[in-house]
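Worksheet for the structure shown next.
The values are calculated or read from the model by the stated rules, or taken from the named source; none is laboratory data. Given the structure is predicted, the values throughout are model-derived calculations rather than measurements. Here Cβ is always computed from backbone atoms with ideal geometry, including for glycine, and neighbour counts include all displayed protein chains. Only protein heavy atoms, including side chains, enter the accessible area calculation; ligands, DNA and RNA are left aside. Shrake-Rupley method; radii C 1.70, N 1.55, O 1.52, S 1.80 Å.
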Amino acid sequence: MPSILSISSIKLPYKVSQSNAMEFAKEMFANSFKDITRLMKIFENGQVDSRYFGMPLEWFRDHHGFEEKNEMYIKIASEFGTKAIQECLSNPLFLTNPYHQEQIDAFIFVSSTGISTPTIDARIMNRLSFSSHIKRIPLWGLGCAGGASGLARAFDYCKAYPKQNVLVLCIELCSLTFQKDDISKSNLVGTSLFADGIACALVCGDESEARNYAKTKHVPQILASSSTLMPDSLEVMGWEVKDNGLYVIFSKDIPSIIEGWLKPNVEGFLKENGLSLSDISHFIAHPGGKKVLDAYQHSLGFKEEMLRISSDVLKEFGNMSSATILYVLERFMHMNKSEGEYGLAAALGPGFSSEQVLVRWEHV
């Protein structure tokens, strides 16, 4: 089965504590919300301690039009996306030797926070020595579900071409979508939660010579994936595109939707693969927020420890949309897992949708 051999995650240049972000938001929105002091509890109770941004906090005090913000998206994404790929292909924790860019056969690029044509993957290819014949597969608009979806599409590709190798690069610069004039509760929640993140994963087919580069004894092999779209749920999560850019749509009902909808979805997927929830040793959950993690736990009946790594990533980095699940997966891959242990990667996104990826740690 296709395997995840290496992974990397980037810390963007500007680290912001949640207390500083809270003071910034209080200043920005004081004249828009009469009960701004009470609403600041969103920042205090969100289980986020710090976040990383591509631009300093002071930059967001001024007005920036859609064109300027998108130009900044392209610049930062190209620079740090290149860095993430280089670190993934030479990560000494996962690979015995650096893997050559020319040996990558497909490039899956995932994002929802900026627009570029040609897409960012093409711009990065002009910086690095990829083959000019690499298959480019950009995925846009999957939001928080995009990272899991990227891994699932890499799995599909490597199943079809077992000798080949795929890069999955997730780039989300959520901070650049910040809207000073949006006085909705959704925008306030987003300001308290979202951050910038860039991560990259190397997935290889089961006949690929890249497997010889694996340094760890056991690696997560992808066994199956599942995508589910909830009918008539377009208003749950997403973007509203206006003259000034992307305005967040973030329903307060998301935790309750998760609790009622997720469990039968997960159980059905596991049953198709001859498993049940009790067979899952590791839950690689996209930490959409504290309430989302609580909803995962209550819905699936997992112990709090099963969500510890996702919770730790949320505390340190916030919600980085599609990239977040790769930050979580990287921490699981740093740990010594026993052969045969199952993991379930899960993320929820616009649509309303879910993406699931079933993995099992196996000897390379």
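Some points to look at:
- Using every pair of separate Cα atoms, the Kirkwood estimate puts the hydrodynamic radius of segment 46-195 at 16.9 angstrom.
- Share of alpha-carbon pairs per 10 Å distance bin for segment 259-301, given as whole %: 26, 57, 16, 0
- For the chain, the longest site-free run once trypsin sites (Lys or Arg not before Pro) in DSSP loop states with at most 14 other Cβ atoms within 10 Å are removed: 35-126
- Each helix, a run of at least 4 DSSP H residues, gives -39500 (n - 2.57); summed and divided by the residues of the chain, these come to -10500 deg cm²/dmol at 222 nm.
- Hydrodynamic radius of segment 181-245 per Kirkwood, over alpha carbon pairs, in Å: 17.2
- Hull-based mean projected area of the chain, where the convex hull spans the alpha carbons, in square nanometres: 16.8
- Normalising by residue count, segment 286-364 has a Cα convex hull of 104 Å³ per residue.
- Sequence-separation-based contact order of segment 91-248, relative, with Cα cut under 8 Å and 6+ spacing, percent: 27
- Prolate is the label for segment 1-114, because the ratio a/c of its alpha-carbon gyration tensor axes (a ≥ b ≥ c) is 1.5 or higher and a/b is greater than b/c.
- Computed over segment 195-297, the percent of Cα pairs more than 17 Å apart is 70.
- Accessible carbon and sulfur surface of the chain relative to its total accessible area, %, 1.4 Å: 50
- For segment 33-99, the share of alpha carbon pairs falling in successive 10 Å distance bins from zero is 15, 25, 30, 21, 8, 2 percent.
- 3J(HN,Hα) from dihedral phi, segment 129-139, Karplus parametrisation 6.51/-1.76/1.60, rounded to Hz, x for glycine, proline: 9, 5, 5, 6, 9, 4, 7, 9, 10, x, 10
- Per the Cα gyration tensor, segment 238-326 maps to an equivalent ellipsoid with semi-axes of 26, 16, 12 Å, ordered largest to smallest.
- Per DSSP, loop chymotrypsin sites (Phe, Trp or Tyr not before Pro) in segment 139-223 with at most 13 further Cβ within 10 Å: none
- Rolling a 1.4 Å probe over the protein heavy atoms gives the chain an accessible area of 41 Å² per residue.
- GNM top mover of Gly150, Gly288, Gly260 - the chain, alpha-carbon springs below 10 Å: Gly260
- The chain, relative contact order in percent, only Cα pairs under 8 angstrom and at least six apart counted: 25
- Across all directions, the average projected area of the convex hull around the alpha carbons of segment 209-364 is 10.9 nm².
- Convex hull volume per residue for segment 119-231, taking Cα atoms only, in Å³: 168
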